[in-house]
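Trainee: Following this message is one structure expressed as structure tokens.
The values are calculated or read from the model by the stated rules, or taken from the named source; none is laboratory data. Just so it is clear, the structure is predicted and the values come from calculations on it, not from any experiment. Neighbour counts are summed over all protein chains in view; Cβ atoms, including those assigned to glycine, are modelled from backbone coordinates with ideal geometry. The protein model used for the area step is the full one, side chains on, heavy atoms only, and it has no ligands, DNA or RNA in it. Shrake-Rupley method; radii C 1.70, N 1.55, O 1.52, S 1.80 Å.
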Amino acid sequence: GKLMLNVLLSFAQFEREITGERIRDKIAASKQKGMWMGGVPPFGYDGVDRRLEINEAEAEIVRHIFQRFTMLESVTEVVKELRRDGVRTKTYTTTTGKNKVGKIMDKGFVYKMMGNQVYLGEIVHKDKVYPGQHKAIIDREVWDKARQINASNPHVRANSQRREMPAMLR
């Protein structure tokens, strides 16, 4: 009895591993084709029939965020503007029918947005980049400029911002 139980458990474990490999291979193949694999659609896009379609109202906000960041070189200042204007993250309905209300944008959300290559029309899978089946919201020039600014030392950027501010005691 114990031997038979162990044999059955070994087969079950083997099947579970094979199923996991097949699912991982299917996801990798789909991403190589540039397909979006589900989940919460990124801000600026809507998920329609397993594809990303541009949500024009949100896409304008995404473009504005990137443009303002390249001008101000400060995520903090961009977030202050967004909060002042009352901009919130994506409001959506899950597949189970729950409504998720957007939250007030914060620096973490903006940083994550600026690192998401979906906005270039690309899909990333395990450090490999594939052309996506969706349209880009941000052009390569703005993306590269934002990434270059973001890669610079944040303390140096902050100090340069502070020097431009008037200081009564200076």
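Trainee: Might you tell me the accessible area per residue for region 1-110, computed with a 1.4 Å probe and given in Å²?
Mentor: Counting only protein heavy atoms, the per-residue value for region 1-110 is 68 Å².
Trainee: Same structure, new question: Under a Cβ-Cβ cut-off of 10 Å, what is the net charge of the residues other than VAL40 that fall near it, where Lys and Arg count +1 and Asp and Glu count -1?
Mentor: Residues close to VAL40 contribute a combined charge of +2.
Trainee: Mean residue ellipticity at 222 nm from the helices of the chain, using -39,500 (n - 2.57) per DSSP H segment of n ≥ 4 over the full residue count, to the nearest 500 deg cm²/dmol?
Mentor: Rounded to the nearest 500, it is -17500 deg cm²/dmol.
Trainee: Also, quick follow-up: Run the paramagnetic zone check for ILE104: 7 angstrom along Cα to Cβ, then residues of region 51-94 with backbone nitrogen under 14 Å.
Mentor: 79-89
Trainee: Hey, another quick one. Would you work out what percent of the accessible area of the chain, with all protein chains in place, is carbon or sulfur (probe 1.4 Å)?
Mentor: Summing carbon and sulfur atoms, their accessible area is 54 percent of the total for the chain.
Trainee: How would ARG84, ARG63, ARG140 line up by accessible area, probe 1.4 Å, largest first?
Mentor: ARG84, ARG140, ARG63
Trainee: Of the listed values (i) 8, 28, 27, 16, 10, 6, 3, 1, 0; (ii) 9, 39, 40, 12, 1; (iii) 9, 33, 30, 18, 9, 1, identify the label whose number matches P(r) over Cα pairs in 10 Å bins from 0, in percent calculated from this model.
Mentor: (i)
Trainee: Shifting gears a bit: Cut-off under 29 Å on the C-alpha distance; same-chain residues fewer than 8 positions from LYS33 excluded. Which lysines are left, in chain and number order?
Mentor: Output for LYS33: LYS90, LYS112, LYS126, LYS128, LYS135, LYS145.
Trainee: Roll a 1.4 Å probe over the protein heavy atoms and report the accessible area of GLU141 in Å², nearest 10.
Mentor: Near enough 150 Å² of accessible area.
Trainee: While we're on this one: Report the residue, chosen from THR93, THR19, THR70, that carries the largest GNM mean-square fluctuation when the chain is represented by alpha-carbon nodes joined by springs under 10 Å.
Mentor: In the Gaussian network model the winner is THR19.
Trainee: Between GLN133, GLN13, GLN117, find the one with the highest GNM mean-square fluctuation for the chain; connect C-alpha pairs within less than 10 Å.
Mentor: GLN13
Trainee: Here is a follow-up. In nanometres, what is the gap between the two model label sites at ARG50 and GLU81, each 7 Å from Cα along Cα-to-Cβ?
Mentor: 3.9
Trainee: Follow-up question, since we're still on this one. Would you mind checking which residues have amide H under 5 Å from GLY132's amide H? H placed 1.01 Å from N; only 5 or more apart, or other chain.
Mentor: Here GLU122, ILE123 satisfy the definition.
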